[in-house]
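Notes for the one structure printed next.
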Amino acid sequence: MNSFTDSLTMSGIVCTGQPVCRQDEVLTPEALRFLAELHWATAQRRQELLAARPARRAAIAAWQDPQFLRETEHIRNDPSWRVAPPAPGLEDRRVEITGPVDKKMTINALNSGAKVWLADMEDSSTPTWRNVIKGQLNLTDALERRIDFTTEEGKDYKLKADGDLPTIVVRPRGWHLPEKHMLIDGQPIAGGIVDFGLFFFHNARRLLAQGKGPYFYLPKIENHLEARLWNDIFILAQDLLGIPQGTIRATVLIETITAAFEMEEILYELRDHASGLNAGRWDYIFSLIKNFRTRGPRFVLPDRGQVTMTQPFMRAYTEQLVRACHKRGAMAIGGMAAAVPNRKDPEANANALEKVRADKTREANDGFDGSWVAHPDLVPVCREVFDGVLGS
């Protein structure tokens, strides 16, 4: 531990991770005081919300099906409210590419030609201490256009010299994941607060100077109260840095069965900061399995290859998402197709591209405003499909 670590301890934060090169650029005393403020304001509520999750699952297991809430019916029936208008850089989201925030993937995503890069600090990124810190450094370096990477074989990766880069939308970790390497009063800070807070603190003003803003994808939300907690964090974070309220924009992944019954309420809680909803298809399927696994043969699913987006329960969920978004002026973003291109096998590559085209065609015709891909070779396919429906 270095002298920097002593200042962390003095400010109430203990850092237990092994030092990472350039970590002092990320873990400044000011940034850590900012994280501490976010933690102290929300830690108890977060724990209460997490404690409610097992009780909700137990109720579903006891044959209490999720349903639209009576206590929030007035929100769903009120035609007057809408979410904030699209923020700069989020007006066109017809192709979004997702991937982790390591150097190579960062450069490939930003050179892909997509409209948005989902900079993923959650599902596709192992949250080792090194990855957490390096991911923050890579994001800042990318915004400053000073990021590059050379493989052991000598292949160079650099950002393209000219033209606009995709808008960066950061996905922090979900509420259930702690950051065990950062402790306050002996308790870990929420991983989501670490990921959100460090990126926001270091880059919010930088993004505004570039004509965009700090934008986020919120994963694993199970109900509107969890969305309310994120909204309160956004308000506090903007106040602490003196940034105008409503600067932050958030897109929520609907990837749990309980959240699917509260889509409008989730948008309502985040309405001054909301940008849209995303159909997180794979986690949604898992949520069904986790919640209904003891409910008998009716809820047994076949091989996952047969659980496609055309199955009635998946189609109902995505149609409801589009309805909720467009009713409230938000964007509906489609999910990620499972097919992956293979440059070494022309036949397999053609099959993969055709599957992706069919999947994106269904989404575009269903009213989605854009969709995800996981590989740069899929960007042109997705763009062509949505161009054909959305036009200019």
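Structure data summary
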| item | result |
| --- | --- |
| Segment 128-165, residues that are part of a loop (DSSP other than H, G, I, E, B) and touching a Leu at 6+ places or on another chain (Cβ under 7 Å) | R145, I147, L159, L165 |
| Selection from segment 200-242 of residues that are without any contact (Cβ under 8 Å) to a residue 40 or more places away in the chain and surrounded by fewer than 18 Cβ atoms within 10 Å (Cβ to Cβ) | R205, L208, A209, I235, D239, G242 |
| Conditions (1) more than 22 Å from G211 (Cα to Cα); (2) assigned to a strand (DSSP E or B); number of the one not met by M105 | (2) |
| Test: residue in segment 243-263 that is closer than 23 Å to I60 by Cα, free of Cβ contacts under 8 Å to residues at least 40 places away in the same chain and part of a helix (DSSP H, G or I) | yes |
| Selection within segment 166-199 - part of a loop (DSSP other than H, G, I, E, B) and surrounded by fewer than 19 Cβ atoms within 10 Å (Cβ to Cβ) | H176, L177, D185, G186 |
| Residue satisfying condition, being touching a Leu at 6+ places or on another chain (Cβ under 7 Å) and either surrounded by fewer than 16 Cβ atoms within 10 Å (Cβ to Cβ) or not in a loop (DSSP other than H, G, I, E, B) (or both), within set A316, A332 | A332 |
| Matching option when the condition is crowded, with 22+ Cβ neighbours inside 10 Å and basic (K, R), among K327, K360 | K360 |
| Cβ pairs under 7 Å, 6+ apart, first in segment 91-106 and more than 13 Å from W117 (Cβ to Cβ), second surrounded by fewer than 24 Cβ atoms within 10 Å (Cβ to Cβ) and of a type in the set (A, V, I, L, M) | R94/L390; K103/I147 |
| Residues of segment 147-166 satisfying the condition of being more than 24 Å from the chain's Cα centre (by Cα) and among the acidic types (D, E) | D148, E152, E153, D156, D162 |
| Residues of segment 30-88 that turn out to be outside any helix (DSSP H, G or I) and either without any contact (Cβ under 8 Å) to a residue 40 or more places away in the chain or among the polar types (S, T, N, Q) (or both), as a count | 10 |
| Residue in segment 269-286 that is part of a helix (DSSP H, G or I), within 15 Å of the chain's Cα centre (by Cα) and aromatic (F, W, Y) present | yes |
| Residue list for segment 53-97, filter: surrounded by 14 or more Cβ atoms within 10 Å (Cβ to Cβ) and within 19 Å of L229 (Cα to Cα) | R53, R56, L69, T72, I75, V83, A84 |
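Read the figures in this text as sums done on the coordinates, not as results from a lab. Note that the structure is predicted; figures quoted are calculated from it, not measured. Using ideal geometry, Cβ is built from the backbone for each residue, glycine included, and neighbour counts are taken over all protein chains shown.
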